[in-house]
Amino acid sequence: MSANQKIIRVAASGLCKRVETANGLLDILLDIELKIHAAESVAIVGVSGSGKSTLLGLLAGLDLPSSGEVHLDGNNLSMLDEDGRAEIRSRLVGFVFQSFQLLPGLTALENVMLPLELAGRNDARERATQLLARVGLDARLTHYPKQLSGGEQQRVALARAFAIQPAILFADEPTGNLDSTTGKLIIDLLFELNAEQGTTLVLVTHDESLANRCDRKIRLDAGRVVNGIDHS
Amino acid sequence: MKTFLQWRLALRLLARDWRAGELRILFIALVLAVAATTSISFMTDRLARGMVNQSADFLGADIILKSPRPVNKTLLRQASAFNLQTTESLQFASMVVSGDALQLSSVRAVDEQFPLRGKMRTASASYVSDSETHSIPLPGEAWAAPAILSRLNLSTGDSVTVGSLSLRITRVLTFEPGQAGEVFGVSPRLLINRIDVPATGVVQPGSRLTYQYLFAGDKTGLDAYHTWLKPQLDASHSVIGVHEGRRALGAALERAERYLGLGIMIAVILAGVAIAIVVRRYSERHLDVSAMLRCLGLSQQALLALYLMQLVVLGVAASAVGGLLGWLMQAGLLAVLSDLLPVAPSTTGIQPFLLGFVTGAAMLIGFALPPVMRLKNVPPLRVLRRDLLPMPGNAWMVYGFAIGTVFFLIWRYTDDIKLVLSAMLGAVVMALALFIVGFALLAVTRSLQSHMGVAWRFGLNNLWRRRQLSLSQISAFGLAFMAMLVIALVRNELISTWTQQLPADTPNHFAVNILPEQADAVQQLLASHDIETTQLYPMIRGRLVTINHQPVRTAVSKEAQGDNALNRELNLTWTLNLQKDNKILEGRWLNSGDTKQPFVSVESRLAERLGIELNDELGFTIGAQQLQARVLNIRSVQWDSFRPNFYMIFPPGVLDNLPSTYMTSFYMPAEKKPVLGELVRAYPAVTLIEMDLVLAQAQRIFSQISHIVEYVFAFLLLAGLIVLYAALTASQDERLYEGALMRTLGASSKQLGQAHLAEFLLLGFFAGVLAIMGTEAILWVLYSQLLELDYNFNPLLWIIVPLAGALFIGAAGYWSTRKVKHQSPMLLLNNS
């Protein structure tokens, strides 16, 4: 275990998420405890409705827990307001979504430039061009999402996610909308970029082969962690 | 699917959309369109009919046929066949004699039906208060105008002789319908019973007589009769309708009506734009539902039917509400004003609602149908691939439908094809110009972005990335601003024109036939009672006989041959002072160097009718003298200003040696009326024309049509705001999604807020620039072509409007997107 891995990038303690439904209160997540180290890759697995995406949202600071705490790189997200959390995200966090979530009105290049512009980077265009070249889309810079295949869209999303050189990358079913061949290519690319940049990777997936490539699996069942398997 | 089930499903979907708030703006826009168009069109209709009625009251009939001979009896029989009332009167000039004194008078012989419209007013003595009269002079009696009594030094009860008949004067005639159009230079009136005509012995072969046939009835009958009558007439006949009857108020009322027409047009366009924007959003939000329904096995036809059913239900409901609302509003407003305005009774029955339904249906078909039709083409595969979109609607169909609808509705409401065509052409040109200029503005501003701060640059980039949506928003905002500006500026112009036109001290009396040697004394007498007179104008009666040395009858076009100006003597005058309300359209005004030069200034409409041009040589006969004069200028005259005005004006020194009289006008408040008696007793030759009743009424009408103009204005502001709201919310879905994504990528609410603010400020600014450009263009056309007002370029507006646009849209946009700033980024994960 390198020195890098001793740094805890993501920590959750006593994490609960409870929502109100027509039939009363529903616990989606119950008492989650976890720690993820720098440069570690972790797969969150479980059946549909087990609370995987909710956990991902809480870990990334997209949502707030009903109780418990999340620390990203030592920052207690519960102590921050939405703008504070956004600031953390703009520095530390990249995202890849199942349905790509590219802005349809923006070209591939503009989509990748967006987080760089938000961070006020002056080299947004150059950096975005490089990244798109890295994911093999240098001929597609001015294409709009609808002119790209699903695999290509996800590659743009990868380039966007790595644009700010995030410390932590969250991926929600990154291959969920892709065929197995394309999915495999995307995953290869994801792990390559991850290795190149030393990013901590947290991904939610159904795909056991994808989960198996990660250092560790966190299995959820009905909102609880049932085991944490350490591949390393 | 069975029709019943389909309807049930359609209603359920509609109810769900309603609950979700999807349909509110569409419903409100429809209600507004229907309410605006119905209320304004009903108001226009009732006012127009009211004004026609009032004009008819002034004329004494709806139509008058004048002829020098009795007309063929079939003309009258035909009138009864069209259910028209008829009465005849006979008019001739005759000396009225009392002892040794003579007075040339215009005698009118009437029967009991006279007048068919309006009422005569009489008084028991000269210059005392008068009242409406429902009868006519009995046989053997006569009613005389005050001038006859004063010049013959008579009072009521005395007798006069007309021809060989002696008549006792029983009343003083102060107002007679049909008199208003011919106030100057007419001999004073003596009204007698038609039974007495033969006994006067005046009617002989060769006598100069005017037979007047008065007709009244409903519009259908009148129009049909008028159409039938025209081909039966020859050049000696003339027909006067209500439009000719009221020159004094004609222009003002016409402008008010045109303003109302303009109001309807703008309401239709604005509501249409609002509906188009809202439906576009509606159809985009229904892509998923449609794909799912197709996936579940609904055929394209069934899917379309489902949406059409929803539109029908929505349209019927909105039209009913809007129609009722519109009807109530106009009824309420006109009820408040009915004492003061010539308002015709409301058309009872179902018509208002039918009209509302037609409007609502047309708006839906024109603006909502094309985007909804697109929904049936959603590929079912969209359930798997959300990026799949139906083929875009055929642009020709979308715009064709919308333009067709606006065309149809405006034509339906204004019935003025010229107005509709020019408006439509203008709108198309304007839309293209808006688009091009909007694009240019975006592009130019974008090239300046390196000089801007981060938020501005970001906002501008957002606008550029979404440029199609940005352009349509700029156009919509620009259109709404433009509509509000046009309607506001025209309103200001009209109201100030009306206020200036008839200020409180507008001359309400004319004194004519003032002998030259008495002119000063008359002025002094009036001045001694603190009554200020306008300039004294010399007045000489002369006939236009040649144009460029050709007799007028052959020199003018066929249509102009019956022109009144050729059949009677014109009032000629000389002066170097151009009346305030006169304008030189061609050539130059007279100056002191022109004294004694044979020049003449000609009134523009007369010149147009007779084909008289600058530098033409006109020949006049004045008494026994001939006179040639060259046309030095063509001059427009505001005939409804109640000031002395002339067709022909000469420089001094040309007519001076010809026998002339003088005329002047003055404002006399009611309490000084007795001064009139004093004046005519001292100067019996002077003829007084009392216009105070007419003028007071005109002033009242001006102030009331101003109220209506305000009402229309308020309504259209509301319509404009709804368009603005619709356009603001149009991009909200995209912004919510983008907001969530940007927050996920780490944007702070301040960053989002600043970017939105910058975006909306820019949108508003661009829209303001487009609006002021469009407004100036529209006003120029409106003023010069339609309203006959002077166009004034206002440079200040070019600064104010874009800034106000930026501030307004900036603030409203910032407010409307406040939700976006706080959009939870979890939306993205939940959507996945």
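Determine whether B:ILE148 is not aromatic (Phe, Trp, Tyr) and not in a strand (DSSP E or B). Give the steps one after another, and end with the answer.
Numbers: not aromatic (Phe, Trp, Tyr): yes; not in a strand (DSSP E or B): yes.
Taking the combined requirement at face value, the residue satisfies it.
Just name the residue that is surrounded by the fewest Cβ atoms within 10 Å (Cβ to Cβ) out of those in the range B:710-750 that are without any contact (Cβ under 8 Å) to a residue 60 or more places away in the chain and either within 16 Å of B:ILE264 (Cβ to Cβ) or of a type in the set (S, T, N, Q) (or both).
Taking the range B:710-750 first, the residues without any contact (Cβ under 8 Å) to a residue 60 or more places away in the chain are B:714, B:742, B:745-748, B:750.
Pick out the ones that are also either within 16 Å of B:ILE264 (Cβ to Cβ) or of a type in the set (S, T, N, Q) (or both) and you get B:714, B:748.
Details: B:ALA714: 12, B:SER748: 20.
Out of the qualifying residues, it is B:ALA714.
Has the range B:691-708 got at least one residue that is under 31 Å from the mean Cα position of the chain (by Cα), surrounded by fewer than 20 Cβ atoms within 10 Å (Cβ to Cβ) and in a strand (DSSP E or B)?
The answer is no; no qualifying residue exists.
Report those helices (runs of 4 or more DSSP H) wholly inside the range B:742-832 carrying at least 3 residues which are more than 14 Å from chain A (Cβ to nearest Cβ). First the steps, then the outcome.
Values: elements: B:749-781, B:795-816, B:818-821, B:826-831.
Ranges flagged: B:749-781, B:795-816.
Among the residues of the range B:510-557, write down those that are in a helix (DSSP H, G or I), touching a helix residue (DSSP H, G or I) at 6+ places or on another chain (Cβ under 8 Å) and closer than 17 Å to B:LYS672 by Cβ.
B:VAL522, B:LEU525, B:LEU526
Tell me which residues, restricted to the range B:73-108, are surrounded by 15 or more Cβ atoms within 10 Å (Cβ to Cβ), under 18 Å from B:ALA61 (Cα atoms) and of a type in the set (A, V, I, L, M).
Matches in the range B:73-108: B:LEU75, B:LEU76, B:ALA79, B:LEU84, B:LEU90.
For the range B:780-789, check the following and say yes or no: at least one residue is at positive phi and surrounded by 24 or more Cβ atoms within 10 Å (Cβ to Cβ). Explain how you work it out, then say what you get.
Applying the first criterion (at positive phi) to the range B:780-789 yields B:788.
Checking the rest, the ones that are also surrounded by 24 or more Cβ atoms within 10 Å (Cβ to Cβ) come to none.
No, the range B:780-789 contains no residue that is at positive phi and surrounded by 24 or more Cβ atoms within 10 Å (Cβ to Cβ).
Pick from A:GLY46, A:GLY61: which is of a type outside the set (Lys, Arg), more than 14 Å from chain B (Cβ to nearest Cβ) and either on the phi > 0 side of the Ramachandran plot or in contact (Cβ under 8 Å) with a residue 12 or more places away in the chain (or both)? I'd like the intermediate steps shown before the answer.
On the way: A:GLY61 fails: more than 14 Å from chain B (Cβ to nearest Cβ).
Of the residues listed, the single one that is of a type outside the set (Lys, Arg), more than 14 Å from chain B (Cβ to nearest Cβ) and either on the phi > 0 side of the Ramachandran plot or in contact (Cβ under 8 Å) with a residue 12 or more places away in the chain (or both) is A:GLY46.
Residues that are surrounded by fewer than 19 Cβ atoms within 10 Å (Cβ to Cβ): which strands (runs of 3 or more DSSP E) entirely in the range B:609-682 hold 2 or more of them? It would help to see each step written out before you state the result.
Values: elements: B:617-622, B:625-636, B:648-650, B:661-666.
By residue number, B:617-622, B:625-636.
Need pairs with beta-carbon distance below 7 Å; first residue within 9 Å of another protein chain (Cβ to nearest Cβ) and touching a residue at least 60 places away in the same chain (Cβ under 8 Å) and within the range A:71-96, second in a helix (DSSP H, G or I) and aliphatic (A, V, I, L, M); sequence gap 6+ or separate chains.
A:SER90/A:LEU118; A:GLY94/A:ALA161; A:PHE95/A:ALA161
Do you know which residues across the range B:134-158 are farther than 16 Å from B:VAL680 by Cβ and either free of Cβ contacts under 8 Å to residues at least 24 places away in the same chain or crowded, with 18+ Cβ neighbours inside 10 Å (or both)?
If the condition is that a residue be farther than 16 Å from B:VAL680 by Cβ and either free of Cβ contacts under 8 Å to residues at least 24 places away in the same chain or crowded, with 18+ Cβ neighbours inside 10 Å (or both), then B:HIS134, B:SER135, B:ILE136, B:PRO137, B:ALA142, B:TRP143, B:GLY157 are the ones that fit.
Being assigned to a loop (DSSP other than H, G, I, E, B), modelled with pLDDT under 85 and out of contact with any Gly (no Cβ under 7 Å at 6 or more places or on another chain) is the filter here; which residues of the range B:100-118 pass it?
Residue satisfying the conditions is B:ASP100 alone.
So how many residues does the range A:2-44 have that are more than 18 Å from A:ALA167 (Cα to Cα) and surrounded by fewer than 22 Cβ atoms within 10 Å (Cβ to Cβ)?
The qualifying residues number 17.
Out of (1) assigned to a loop (DSSP other than H, G, I, E, B); (2) at pLDDT below 85, the odd one out for B:THR174 is which?
With respect to (1) assigned to a loop (DSSP other than H, G, I, E, B); (2) at pLDDT below 85, B:THR174 is out only on (1).
Looking only at the range A:194-214, count how many residues are buried (at least 21 other Cβ atoms within 10 Å of the Cβ), among the hydroxyl-bearing types (Ser, Thr, Tyr) and away from chain B (no Cβ under 14 Å).
Matching residues across the range A:194-214 total 2.
Could you tell me whether any residue of the range A:103-116 is acidic (Asp, Glu) and modelled with pLDDT of 90 or more? Steps first, answer last, please.
Taking the range A:103-116 as the starting set, the residues that turn out to be acidic (Asp, Glu) are A:110.
After this cut, where a residue has to be modelled with pLDDT of 90 or more as well, the list is none.
Looking for residues that are acidic (Asp, Glu) and modelled with pLDDT of 90 or more, one finds none in the range A:103-116, hence no.
Are there any pairs with C-beta distances below 7 angstrom linking a residue in the range B:606-619 that is among the basic types (Lys, Arg) to a residue that is in a loop (DSSP other than H, G, I, E, B), with the two at least 6 apart or on different chains, and if so which?
The qualifying pairs are B:ARG609/B:ASP563.
Spot the failing condition for A:GLY176; the list is (1) closer than 25 Å to A:LYS52 by Cβ; (2) within 11 Å of chain B (Cβ to nearest Cβ); (3) buried (at least 19 other Cβ atoms within 10 Å of the Cβ), and only one is missed.
Only one criterion is unmet by A:GLY176, namely (3).
Just name the residue that is surrounded by the most Cβ atoms within 10 Å (Cβ to Cβ) out of those in the range A:111-130 that are without any contact (Cβ under 8 Å) to a residue 12 or more places away in the chain and either in contact with a Pro (Cβ under 6 Å, 6 or more places away or on another chain) or facing chain B (nearest Cβ under 7 Å) (or both).
The qualifying residue surrounded by the most Cβ atoms within 10 Å (Cβ to Cβ) is A:GLU117.
Could you identify the single residue in A:PHE162, A:PHE191 that is buried (at least 20 other Cβ atoms within 10 Å of the Cβ), among the aromatic types (Phe, Trp, Tyr) and within 19 Å of A:LEU131 (Cβ to Cβ)?
Working: A:PHE191 fails: buried (at least 20 other Cβ atoms within 10 Å of the Cβ).
Just a single option satisfies the conditions, and that option is A:PHE162.
If you scan the range A:97-110, which residues turn out to be more than 24 Å from B:TRP456 (Cβ to Cβ), more than 8 Å from every other protein chain (Cβ to nearest Cβ) and either surrounded by fewer than 23 Cβ atoms within 10 Å (Cβ to Cβ) or more than 16 Å from the chain's Cα centre (by Cα) (or both)?
The one that is more than 24 Å from B:TRP456 (Cβ to Cβ), more than 8 Å from every other protein chain (Cβ to nearest Cβ) and either surrounded by fewer than 23 Cβ atoms within 10 Å (Cβ to Cβ) or more than 16 Å from the chain's Cα centre (by Cα) (or both): A:ALA108.
The values are calculated or read from the model by the stated rules, or taken from the named source; none is laboratory data. Bear in mind the structure is a predicted one, so any value in this text is a computation, not a measurement. Cβ: placed from backbone, ideal geometry, glycine included. Neighbour counts: every protein chain shown.
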